[in-house]
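J.: Once you've had a glance at the structure underneath, I'll fire off some questions.
The values are calculated or read from the model by the stated rules, or taken from the named source; none is laboratory data. Keep in mind it's a predicted model, so treat the numbers as computed, not measured. With ligands, DNA and RNA removed, areas are computed over all heavy atoms of the protein, side chains included. Shrake-Rupley method; radii C 1.70, N 1.55, O 1.52, S 1.80 Å.
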Amino acid sequence: MFTVEQIKAAHSKVTSGADFPAYIKDIKGLGITHYEAYVADGHIDYHGANNHMAKVPAKYEPLVIAETSNEAQFKSDLKAHQEGKTNYPTFCEDSAKSGIEKWVVCMDEMTCTYYDKAGNEILVEEIPQ
């Protein structure tokens, strides 16, 4: 089963949102079925077969997640990040300001779903392969 060290090695190749599809391919190859990334502190829970889970601890000081989501602003910030115009910490700050609490990446469906604090789906994206 996969380890936090393997995940971190794959993640070390990511410098912007433009690198995301290659990262997903790498971690899918490790046996990860899905993961949940939490905007508030950057911790990520990775899940695999047979209830295997690896937790990557918080990456930064806690951010305040806006109570009300701003879907239009979030989509604009996401587009900029995917084009390589912002780094990951900036994207997380922008997401918090837009009320995004977490995203869930599903390897089987190759989707990334963004949620607000109330658990509402804000956006479902297909991950390029």
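J.: Mean residue ellipticity at 222 nm from the helices of the chain, using -39,500 (n - 2.57) per DSSP H segment of n ≥ 4 over the full residue count, to the nearest 500 deg cm²/dmol?
T.: Rounded to the nearest 500, it is -9000 deg cm²/dmol.
J.: For the chain, what is the percent of antiparallel DSSP beta bridges, rounded to the nearest 5?
T.: 100 percent
J.: Further question: Roughly how compact is the range 39-105, stated as its Cα Rg over 2.2 N^0.38 Å to two decimals?
T.: 1.21
J.: Here are some pairs, LYS13/LYS97; LYS28/LYS102; LYS55/LYS117; LYS25/LYS97; LYS13/LYS79; which of them have Cα atoms lying more than 24 Å apart in this structure?
T.: LYS13/LYS97; LYS25/LYS97
J.: Another question about this same structure. Per 5 Å bin, what percent of the C-alpha pairs of the chain does each bin hold, from zero upward?
T.: It works out to 2, 11, 20, 25, 23, 13, 5, 1, in whole percents.
J.: I'd like the carbon and sulfur percentage of the solvent accessible area for the range 26-119, probe radius 1.4 Å, heavy atoms only, ligands and nucleic acids excluded.
T.: 49 percent
J.: Okay, moving on. Below 8 Å between Cα atoms, with a sequence gap of 6+, how large is the relative contact order for the chain in percent?
T.: Across the chain, relative contact order equals 25 percent.
J.: Given Cα pairs under 8 Å that are at least 6 residues apart, what percent is the relative contact order of the range 83-129?
T.: Rounded, it is 25 percent for the range 83-129.
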